[in-house]
Amino acid sequence: MFAIPLGDDGAELTPLAPWQAEEFLAHIDRGREFIGAHVGLPDIVTDLDSARAHLTRYADKAARDAGYLYGIRVDGLLVGGVLFVHFDAANGTAEAGCWIEPGYAGRGLVTRACRTVIDWAVERRGIHRVEWQVSPLNTPSIAVARRLGMTKEGTLREDYPYRGRRNSTEIWSVLAPEWRAAKAAAGAS
């Protein structure tokens, strides 16, 4: 399996596959409350069978070039993930997302991992628009969107029920020309 270094702190990005279901479940269990505050993943992955089913769904999506799932590891330990919930190369659009265990939040891991996968999507796959959907209450995820150079496009008010209440969704995005310009500006400094 490949691993892409995310810096010099032992962090790396790796694919996640169904054979890793036990490790994936243990990771979700370690961060269940923290991750579940804004992301539904802990409600989907509740036992070994559901962990395997979730990883299999993404393996099937990857086989169809319709979505991708990657793990963030620190010194080999699975501590978070980034994904393309939707990936449509024909139309040049994708939706990215993320999660992280509480003990690894605030280290820039998610931002570095997202930069890696977004850069691949834009530069290698020709994706023109990468979207980020986030709860307005999820300030760490909004901060990641800002660091990625995304623009807030608007808010879908109370558009989905989550854990007994109606929640809103902010829509953020970055377009390929914006991504490339930000990358060029960062390289110039």
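The values are calculated or read from the model by the stated rules, or taken from the named source; none is laboratory data. Because the structure is a prediction, the values reported are computed rather than measured. Don't worry about glycine lacking a Cβ; one is built from the backbone with ideal geometry, like all the others, and counts go over all protein chains shown. To get the accessible areas, we keep the full protein, side chains included, count just its heavy atoms, and leave off ligands, DNA and RNA. Shrake-Rupley method; radii C 1.70, N 1.55, O 1.52, S 1.80 Å.
Per residue, how much accessible area does the range 51-189 show when a 1.4 Å probe rolls over the protein heavy atoms, in square angstrom?
Working: 6720 Å² over 139 residues.
Accessible area per residue, the range 51-189: 48 Å².
For the range 1-41 versus the range 84-122, the spacing of their alpha-carbon centroids is 13 Å.
As a check on your grasp of the helix formula, calculate [θ] at 222 nm for the chain: sum -39500 (n - 2.57) over DSSP H runs of n ≥ 4, divide by the residue count, round to the nearest 500.
Working: 6 runs with 73 residues, N = 189.
Mean residue ellipticity, 222 nm, calculated: -12000 deg cm²/dmol.
Considering only beta bridges that DSSP places wholly inside the chain, some 90 percent are antiparallel.
Toward the positive end of the charge dipole of the range 1-125, with +1 on the Cβ of Lys and Arg and -1 on the Cβ of Asp and Glu, the farthest Cα among 37, 54, 7 is that of 7. Taking Cα centre as origin and charging only the Cβ of basic (Lys, Arg, +1) and acidic (Asp, Glu, -1) residues, the dipole magnitude of the chain rounds to 480 debye. In sequence order, the range 88-105 has phi-based couplings of 10, 5, 4, 9, x, 10, 8, 10, 9, x, 7, 7, 8, 5, x, x, 10, 5 Hz under the Karplus curve 6.51 cos²θ - 1.76 cosθ + 1.60, θ = phi - 60°, and Gly or Pro positions carry x.
Decide, for the range 8-81, between rounded, prolate and oblate: order the square roots of the alpha carbon gyration tensor eigenvalues as a ≥ b ≥ c, take rounded if a/c falls under 1.5, and otherwise choose prolate if a/b is larger than b/c, else oblate. Since a/c reaches 1.5 but b/c is at least a/b, the shape of the range 8-81 is classed as oblate. Scanning residues 5 or more positions from residue 162 or on other chains, those with amide H under 5 Å from its amide H are 167, with H placed 1.01 Å from N in the peptide plane.
Overall, the range 139-182 carries a charge dipole of about 180 debye about its Cα centre when +1 sits on the Cβ of Lys and Arg and -1 on the Cβ of Asp and Glu, all other atoms neutral.
How high is the relative contact order of the chain, in percent, with contacts defined as C-alpha pairs under 8 Å that are six or more residues apart? Show your work: numbers first, answer last.
Numbers: 323 pairs, mean separation 29.9, N = 189.
Normalised by residue count, the contact order of the chain is 16 percent.
Heavy-atom accessible area with a 1.4 Å probe sorts 169, 56, largest first, into 56, 169.
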